[in-house]
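The values are calculated or read from the model by the stated rules, or taken from the named source; none is laboratory data. Remember, predicted model here, so these are calculated numbers, not experimental data. Glycine also receives a Cβ, built like all others from the backbone with ideal geometry; neighbour counts cover every protein chain displayed.
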């Protein structure tokens with residue numbers, strides 16, 4: 001029987017019910033193959049579902065088709081989902097052989113618990129579920145992963161089986177197509193193939209080693225970032241990687257962020273920690289002089305590398321690491337200057353996002369959480385100031401209630417890549433906490449001390465996560481101005497090598513990143529390798545090109561262009577790099 005709750009469900013809620021039910025069918029299928037299985041939890045998630053299991057052996061990808069076939073048998077039998085209630089004592093008896101379920105039962109505050117049965121499978125669950133398994137139409141198991149019980153690395157590691165489910169086979173097929181494209185664009189895969197970066201277990205997980213090509217992309221981004229900040233009135237600074245522990249106790253980081261900080265080290269009887277943030281160094285520089293209201297705003301910017309402890313289970317390529325470089329800046333201003341400063345940051349952030357080719361983004365204004373520093377009046381004024389700045393920039397935004405950080409409200413800009421996936425990008429945070437804790441003040445026009453309005457902001461995020469988003473957005477085929485190698489000169493034979501070297505020297509003189517493929521291989525093999533390396537332009541030179549001072553241009557897409565005068569190509573690529581265009585128009 002369909003419950004009133006199910007009848008009232010929206011289409012999204014109905015699909016969530018289908019996905020939750022599919023998780024139960026997955027558990028029944030696994031139980032039929034592994035009778036001694038110990039069950040964790042199995043919720044619906046975005047686009048699908050998962051279930052966690054303790055099993056007598058490790059699953060492999062070859063197991064997924066077998067489990068999926070068993071699920072289809074269960075669905076074809078159209079077994080009903082039957083809900084019931086039981087006392088906690090009755091539930092403990094029913095799940096006596098299931099330690100993870102017993103732990104969950106003990107945490108339920110009510111005397112009665114919800115149970116759902118379908119076929120041979122009984123689970124601890126509030127529901128709701130579909131009426132019968134036959135309502136699950138389009139699904140597929142997609143992956144296996146490890147997952148600590150309750151997300152605690154000190155608890156057992158379970159095996160998590162992921163699946164996806166949709167209301168139609170067409171929707172499932174479209175999602176699987178996107179999933180396949182996402183796998184091709186995975187920055188971890190492309191990072192290896194394009195020789196951009198590596199992470200070494202022997203050095204430590206979550207610590208990135210940038211190879212020459214990846215470092216080259218970073219250098220271009222960082223130089224561009226520095227130039228733009230200088231144009232907009234920022235001063236570039238550098239701060240140390242370690243500082244005395246007492247500094248972080250004063251700031252509150254030791255109290256509020258201790259789980260993310262590395263253990264102190266002793267240096268000459270003093271305790272130091274490696275820095276998790278750049279803000280305290282910026283404050284110390286600000287406080288080296290007594291500041292007048294006439295000096296404000298002061299804008300300090302730093303590409304500062306910080307270190308934070310992340311559990312190994314959440315590390316993910318470049319997008320979740322333990323050491324990363326933030327494109328950090330802190331603005332010290334008067335409260336009457338705050339709105340203009342936020343408008344300026346938004347202008348810079350949108351310029352950056354647009355320049356790198358992210359045209360779609362979502363803007364969120366996060367408001368006061370339950371635990372906060374400062375007064376309600378200050379919070380309201382700062383939140384209203386951020387709102388006015390967004391209106392001045394004509395940015396549509398959504399309120400994210402209660403999601404501000406404890407020290408102030410913030411604006412987050414989340415941009416979408418080519419596949420519509422969101423990435424955390426620029427963030428602008430107002431801080432009431434640190435100016436009070438460190439007495440960050442200025443002398444006002446009245447001759448009295450006043451606390452500054454302090455703004456923490458990034459316009460890219462971390463360099464690591466931003467590079468991950470760029471790699472996946474472009475599938476490794478970077479715009480010509482960012483490509484680690486922008487052109488490859490390919491001589492047809494050894495006798496053309498001198499001409500190739502001449503072109504290389506001239507292009508390098510124009511600031512073009514160019515190499516000559518002088519290997520004793522066929523031209524087709526060299527072209528194929530350059531395409532795999534996603535080099536934008538291949539300049540093939542043979543007898544005719546040498547005689548006429550031309551180049552035969554091939555694109556990484558496989559398209560072959562007509563021969564062009566070399567001087568014309570050189571001018572075109574130079575202008576494309578300077579103007580940061582995606583592709584040349586030859």
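Tell me which residues, restricted to region 295-320, are out of contact with any strand residue (DSSP E or B) (no Cβ under 9 Å at 6 or more places or on another chain) and part of a helix (DSSP H, G or I). Answer for region 295-320, where residues must be out of contact with any strand residue (DSSP E or B) (no Cβ under 9 Å at 6 or more places or on another chain) and part of a helix (DSSP H, G or I): just 312. Kindly check whether there is at least one residue in region 271-279 that is part of a helix (DSSP H, G or I) and buried (at least 16 other Cβ atoms within 10 Å of the Cβ). Yes, the conditions are met somewhere in region 271-279. For the condition within 30 Å of residue 304 (Cβ to Cβ), surrounded by fewer than 18 Cβ atoms within 10 Å (Cβ to Cβ) and outside the structural domain of residue 229 (by TED's automatic domain parsing), residue 422 does not qualify.
Restricting to region 345-358, count the residues that are in contact with a helix residue (DSSP H, G or I) (Cβ under 9 Å, 6 or more places away or on another chain) and either surrounded by fewer than 19 Cβ atoms within 10 Å (Cβ to Cβ) or modelled with pLDDT of 95 or more (or both). Result for region 345-358: 6. Answer yes or no as to whether residue 579 is under 28 Å from the mean Cα position of the chain (by Cα) and surrounded by fewer than 17 Cβ atoms within 10 Å (Cβ to Cβ). Taking the combined requirement at face value, the residue satisfies it.
A search for C-beta distances below 6 Å between a residue of region 240-253 that is surrounded by fewer than 18 Cβ atoms within 10 Å (Cβ to Cβ) and any residue that is in a helix (DSSP H, G or I), counting only pairs 6+ apart in sequence or on different chains, returns 250/437.
Would you call residue 375 assigned by TED's automatic domain parsing to the domain that holds residue 413 and under 26 Å from the mean Cα position of the chain (by Cα)? Considered against the rule, which asks whether it is assigned by TED's automatic domain parsing to the domain that holds residue 413 and under 26 Å from the mean Cα position of the chain (by Cα), residue 375 comes out as no. With respect to residue 36, is the statement that it is without any contact (Cβ under 8 Å) to a residue 24 or more places away in the chain and part of a loop (DSSP other than H, G, I, E, B) true? So residue 36 passes the test. Restricting attention to region 518-530, the residues that are surrounded by fewer than 19 Cβ atoms within 10 Å (Cβ to Cβ) and in contact with a strand residue (DSSP E or B) (Cβ under 8 Å, 6 or more places away or on another chain) add up to 2.
Scanning region 194-204 for residues that are surrounded by 12 or more Cβ atoms within 10 Å (Cβ to Cβ) and out of contact with any strand residue (DSSP E or B) (no Cβ under 7 Å at 6 or more places or on another chain) turns up 194, 195, 196. If you check 284, 261, 280 for being in the same structural domain as residue 206 (by TED's automatic domain parsing) and under 21 Å from residue 406 (Cβ atoms), only one passes: 280.
Per the conditions (1) more than 35 Å from the chain's Cα centre (by Cα); (2) buried (at least 19 other Cβ atoms within 10 Å of the Cβ); (3) farther than 30 Å from residue 248 by Cα, the sole criterion not satisfied by residue 442 is (3). Taking the criterion of being closer than 21 Å to residue 433 by Cα, in contact with a strand residue (DSSP E or B) (Cβ under 8 Å, 6 or more places away or on another chain) and assigned to a helix (DSSP H, G or I), the residues of region 346-391 that qualify are 379, 382, 383, 385, 386, 387.
Report those strands (runs of 3 or more DSSP E) wholly inside region 205-270 carrying at least 2 residues which are on the phi > 0 side of the Ramachandran plot. Of the strands (runs of 3 or more DSSP E) lying wholly inside region 205-270, none has at least 2 residues that are on the phi > 0 side of the Ramachandran plot. Do any residues in region 261-289 that are over 23 Å from residue 454 (Cβ atoms) have Cβ atoms under 9 Å from those of residues that are exposed (fewer than 12 other Cβ atoms within 10 Å of the Cβ) and at pLDDT below 95, where the two are at least six apart or on different chains, and which pairs are they? Correct list of pairs: 272/266. The set of residues from region 325-343 being part of a helix (DSSP H, G or I) and either buried (at least 20 other Cβ atoms within 10 Å of the Cβ) or touching a helix residue (DSSP H, G or I) at 6+ places or on another chain (Cβ under 6 Å) (or both) comprises 338, 339, 341, 342, 343.
With respect to (1) assigned by TED's automatic domain parsing to the domain that holds residue 434; (2) closer than 30 Å to residue 479 by Cα; (3) surrounded by 13 or more Cβ atoms within 10 Å (Cβ to Cβ), the lone exception for residue 231 is condition (3). Answer yes or no: is there a residue in region 410-419 that is buried (at least 23 other Cβ atoms within 10 Å of the Cβ), more than 23 Å from the chain's Cα centre (by Cα) and not in a loop (DSSP other than H, G, I, E, B). Within region 410-419, not a single residue is buried (at least 23 other Cβ atoms within 10 Å of the Cβ), more than 23 Å from the chain's Cα centre (by Cα) and not in a loop (DSSP other than H, G, I, E, B). For region 182-197, the criterion of being assigned to a strand (DSSP E or B) and assigned by TED's automatic domain parsing to the domain that holds residue 330 is met by at least one residue.
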